[in-house]
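Novice: Let me begin by handing over the structure; questions about it come next.
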Amino acid sequence: MTKQTQQTVVVIDYDYGDVDIERAIVEDAGLRLVAADCKTEDEVIAVAEDADAIIVQYATVGAKAINAFTRCKVIARYGTGVDIVDVAAATRRGILVTNVPNDWCENEVADHAVALLLAAVRKIRGYDRAARAGTWRWQSGEPIRRLQGRTVGLLAFGAIAQAIAARAHAFGMLVLAHDPYLDPEDIAAHGAQPASFDELLAHADYLVVQAPLTEETHHLIGEPELRRMKPTSILVNTARGPIVDDAALYTALKEGWIAAAGLDDLEEEPAKQRHWKPVNPLFNLDNVLITPHAAYYSDEAIRTVRDFAAHEVVRVLTGAPPLSPVNAAELALARSEPSS
C-alpha cells in the first residue's frame, strides 16, 4: 500500500508576527503548515506550486500563479475582500476560494470610519499640533461646523456601512446611501435614504467609501467626482485605497475642492510592497489623516480572522464543506456541465 503524502498548507504572506494560531489548527488536523513572505506571483509560485491549500493576506494570487499550482484545492483569504485573488481563474482550475464573513471586523471598521470622520470634523490633529507648539486657542481650529443635521453619504451599503449608518444616526446626522446591488427598499429598511451616485456626491457633507475594489470601483472617486463634491465636504475611505485616485485627491485637498480626507489605505496599497516608502504627496498635507490599513484591527478581530481562515482550509482538505465559500456555486455549475 502506498503511503499517503501529508497535505501541505502554505501561508504565503502575513503580518501577524507568527503563525502559531494557524499552525496549531492545521497540525492538529494532521496537515503540514509552511509560512512564507511573498510579495510577487513568482514568489508565490516558488513557495506554493505544490501546496494543497493556500492562505493569503495581501499577496496577489492571479492567473499566473493559479495556473502554476499542481495540487491546490482551496485558497483562503484572511479577510472579506477577494480582489487579490483571480477567482475566475481559480474556478476554471477547480479551486475553491473562501473568505471570512465581514462580521469579523464589522464594528472595528465602522468605529474607525467614524473616528476618522470625527477627527477630521473636529480638527483634532490641528488642535493637538497647535497645543503642543504652545498655541492654546480654540480659534486655531476654525471653522468647525456642528455634526448634528449634516449629511453622511455612504458609497456601498453592506453590513459595515449599515453599522456606520447606525453610528451616524446617533450623532443626529442624515444618512444617504448608494449601492447599485441593493433595492431602494432594502436601503431604506436599514435607516438610510437611497440616492444615486450623483446625488451622493452633490449632497453629502461627509462621503464614506465602503465599497469593494472591483474593475468598476477602481478610481471611482477621481477628479470629476471630487469636483462635484461640496468645498466643505470630507472624504473618508475605509475600503481599498485604489478606489480613490490619489493624484486627484491631492489636487482636490490642495486646491480646496473639498475640505479634508481620512484614509485607511493609499492607492499604492503599501502592505503589498516589500520596500515601500512614504513618498505619496498626500503625506505632505495637513488636511488629510492617514492610517495604515488598520480599520479592521482589534485583538479580538485578528484572532477571529486567523482562526477562521485556518479552519476553512482544514475543512476543505478533510472533506468538509467550508463555511464561507466565494465560488462554490460556480464550481458546482462547472462540474455539472458535460465535458465537450
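Novice: What lysines does Lys272 reach when the alpha-carbon gap must be under 19 Å and sequence neighbours fewer than 8 apart in one chain are set aside?
Specialist: Partners within reach: Lys39, Lys64.
Novice: Got the relative contact order for the chain handy, in percent, Cα pairs under 8 Å and 6 or more residues apart?
Specialist: So the answer I get is 18 percent.
Novice: Please list, by residue number, every one of the trypsin sites (Lys or Arg not before Pro) in the stretch 144-208 that is coil in DSSP and has at most 12 other beta-carbon atoms within 10 Å.
Specialist: Taking the stretch 144-208 and a limit of 12 other Cβ atoms within 10 Å, the loop trypsin sites (Lys or Arg not before Pro) found are Arg145, Arg146.
Novice: Shifting gears a bit: Which whole-number percentage describes the relative contact order of the stretch 162-302, with Cα contacts under 8 Å and a sequence gap of 6 or more?
Specialist: 17
Novice: Under a 5 Å amide H to amide H cut-off, with H placed in plane at 1.01 Å, what residues pair with Gln193 once short-range neighbours are removed?
Specialist: Close amide H contacts, sequence-distant or interchain: Val175, Leu176, Ala177.
Novice: For the stretch 55-60, just list the computed ³J(HN,Hα) in residue order, Karplus coefficients 6.51, -1.76 and 1.60, θ = phi - 60°, integers in Hz, with x standing in for Gly and Pro.
Specialist: 10, 9, 9, 10, 4, 6
Novice: Sticking with this one: Please sort by residue number the trypsin sites (Lys or Arg not before Pro) in the stretch 258-340 whose DSSP state is loop and whose Cβ has at most 10 other Cβ atoms within 10 Å.
Specialist: Here the sparse-neighbourhood loop sites are Arg274.
Novice: Show that you can apply the helix-only estimate: for the chain, add -39,500 (n - 2.57) for every DSSP H stretch of four or more residues, divide by all residues, and state [θ] at 222 nm to the nearest 500.
Specialist: Taken over the chain, the calculation gives -10500 deg cm²/dmol.
Novice: Got the relative contact order for the stretch 21-134 handy, in percent, Cα pairs under 8 Å and 6 or more residues apart?
Specialist: Rounded, it is 18 percent for the stretch 21-134.
Novice: Another question, if that's okay. Quick one: accessible area per residue over the chain, 1.4 Å probe, rounded to a whole number of Å²?
Specialist: 48
Novice: May I pose another question? Between Lys254 and Ala159, what FRET efficiency comes out of the Förster formula 1/(1 + (r/R0)^6) with R0 = 41 Å and r the beta carbon distance, rounded to 0.05?
Specialist: So the FRET efficiency works out to roughly 0.75.
Novice: So how much slack lies between Ala170 and Thr232, counting 0.36 nm per residue of separation and subtracting their Cα-Cα distance, in nm?
Specialist: The span from Ala170 to Thr232 would gain 20.1 nm if fully extended.
Novice: Could you check how many percent of all C-alpha pairs in the chain are farther apart than 39 Å?
Specialist: Looking at the chain, the distances longer than 39 Å represent 22 percent of pairs.
The values are calculated or read from the model by the stated rules, or taken from the named source; none is laboratory data. Note that the structure is predicted; figures quoted are calculated from it, not measured. Reconstructed Cβ throughout: ideal geometry from the backbone, glycine too, with neighbour counts over all protein chains shown. With ligands, DNA and RNA removed, areas are computed over all heavy atoms of the protein, side chains included. Shrake-Rupley method; radii C 1.70, N 1.55, O 1.52, S 1.80 Å.
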